[in-house]
Amino acid sequence: MSKSIRADFSQTYLLPPSLEDWVDFDHPARFIRDFVSSLDFAELGFKEVEATTGRPAYAVDLLLSVWLYGYVHRIRSTRELERGCREHISLLWLTGMHGPDHNTLWRFWRHNREALRGVFRQVVGVAYASGLIGLAVHAVDGTKIRSCSSKRSAWHKQELEVLLKRAEASIDAMIAEVESREETELGEYRLPEELLDVQRRRAEIRAALDQLAQIDRAHQHPQEPEARLVKGGEGIDLHYNAQVVVDQESGLIVSETVVNNEIDNTLLVAMVQRTEATLGAVAEETVADGGYYSPNELAKAEETGVEVLVPVKESTSRPGPFHKSQFSYDDQRDEYLCPLGKRLGYRQTRINSHGKYQVREYRCGSARDCPRRWQCSPQQKGRTILRGEHEAAVERQRQKQRSVTKQEILRTRPAIVEVVFAQIKEQMRFRRFTVRHLENVRTQWSLLCTVFNLRKLYRGWLAGRIAFS
């Protein structure tokens, strides 16, 4: 019988093993090395540290390779990356057996945030140059991702007001006790030390309330003021709004950013412009969900020559014979025509009830003689119709979506972009930012999107369809 194979810890080699033998030819570490070696670090803006004394500094390509490899394998902690550089065979090969510590890795991140975001654009450029990215349909969407800070340690105006009342009541009770003892006892009664603690606490609460009043918000985290308390997939918590634009043909992310807007209806054109800045062109159609609907954004898209598809929000009132949709607008005479042929002339321009934008008001001039005036409107002055300043752009969008082809594009939107968020959250296991402050959050999201694209390009690299110059 043959003996079992066991580790021989006393074994020595006549010739030392080569690093190149440690990883297979198709290992992701080789793909990362090929990609990183193709980058122009000076053009991207990476800061090369030159040590005048002591130990030489680590090179940019080595540190960047560690970060990319870590994110590919869901290692995002600097301490875990430090440990990996000592224990993972592929990281030992990638770093040439050099082991940067966690402080070095974090300093590299902190000093090169803008350059790290530029790596994403380089990946997109490689994919575009390889003919992988199409310009037929792009889909834009956003998702709420929890911040590093917890809502439990945030300031909440309502809770602070309750705490302030308790502190003031406690102070009043202590002062009353001091005054009572001074009246009944000889000499001066000393102030209790806990009174000073409560007074200090009251000052802190007041300062927090003053800060909330200055920014006109009911919630804020003192260590992460950019995060917003909104409802996400896991309930109400402090979140950031992560945005992407995804190409239908390749499934690659072609544009990304993070904002702290609670809603998306001001971001559509800005995201398309970010795509144009990266690719030098925009898709024939950029599709978004109803959360991006805004008359102002539709008008801006027309002004900039961008083709967009966004579901138009219709009135929630039940359609009837005198619904606004039954009134036709005469552009030449600047008036509306009702279903009975009555004309509603322009009356004035005013700010709408939400105080956000201007509307033109049109009112019926023959309401007294109309036999169906009370069916049309309960208003004593007669029927009034408001026309937003971008109503024409909304109507053109509505007309555009009557096309069967455009309706089909709208239906394909979830399959283009929502699957990206599913993969990032489930496969890459990223559901919460691990860094604080918006600039760091933007860098982390950009790095995640970079790695998402690299994971897709890796298959093309294996097949020989992608070569880094």
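Observations on the model:
- Net lengthening on full extension, Gln223/Gln11 (0.36 nm per residue, minus Cα-Cα): 70.9 nm
- Structure-derived log10 I(q)/I(0) by the Debye sum over Cα atoms at q = 0.06, 0.12 Å⁻¹ - corresponding label in (i) -0.61, -1.07; (ii) -0.40, -1.08; (iii) -0.46, -1.12: (iii)
- Within straight-line cross-link reach of Lys165, lysines at Cα separation under 28 Å, skipping those fewer than 8 residues along the same chain: Lys151, Lys157
- Computed over neighbours whose Cβ is under 10 Å from that of Gln348, the net charge equals +3, Lys and Arg +1, Asp and Glu -1.
- Placing a pseudo-label 7 Å from each Cα along the Cα-to-Cβ vector at Lys324 and Glu418 gives an inter-label distance of 2.8 nm.
- Over the residues of the chain, the helix contribution to mean residue ellipticity at 222 nm works out to -13000 deg cm²/dmol, using -39500 (n - 2.57) for each DSSP H run of at least 4.
- Net charge over other residues, Cβ less than 9 angstrom from the Cβ of Asn440 (K, R count +1; D, E count -1): +3
- Antiparallel %, DSSP beta bridges [both residues in the chain], to 5: 85
- Averaging the sequence gap over all C-alpha pairs within less than 8 Å and six or more residues apart, then dividing by the number of residues, gives the chain a relative contact order of 18 percent.
- Average accessible surface for the chain: 57 Å² per residue, computed with a 1.4 Å probe over protein heavy atoms with every protein chain in place.
- For the range 325-469: rounded, prolate or oblate by the Cα gyration tensor [a/c cutoff 1.5]: prolate
- Computed from phi, the 3J(HN,Hα) profile of the range 398-405 under the Karplus parametrisation 6.51, -1.76, 1.60 (θ = phi - 60°) reads 4, 5, 4, 7, 6, 6, 4, 4 Hz, with x in place of Gly and Pro.
- FRET efficiency, Leu337 to Val312 (Cβ-Cβ, R0 35 Å, nearest 0.05): 0.95
- Inter-probe distance in nm under a simple model that places probes 7 Å from Cα toward Cβ, at Arg455 and His102: 2.5
- Accessible surface of the chain [probe 1.4 Å, protein heavy atoms]: carbon and sulfur percent: 48
- FRET efficiency estimate (nearest 0.05) - Cβ-Cβ, Glu426 to Asn260, R0 41 angstrom: 0.95
The values are calculated or read from the model by the stated rules, or taken from the named source; none is laboratory data. Everything numeric here is computed off the predicted structure, so don't read it as measured data. Quick reminder, even Gly has a Cβ in these numbers, built from the backbone with ideal geometry, and neighbours come from all protein chains shown. Accessible surface is based on the protein model in full, side chains and every heavy atom, while ligands, DNA and RNA are left aside. Shrake-Rupley method; radii C 1.70, N 1.55, O 1.52, S 1.80 Å.
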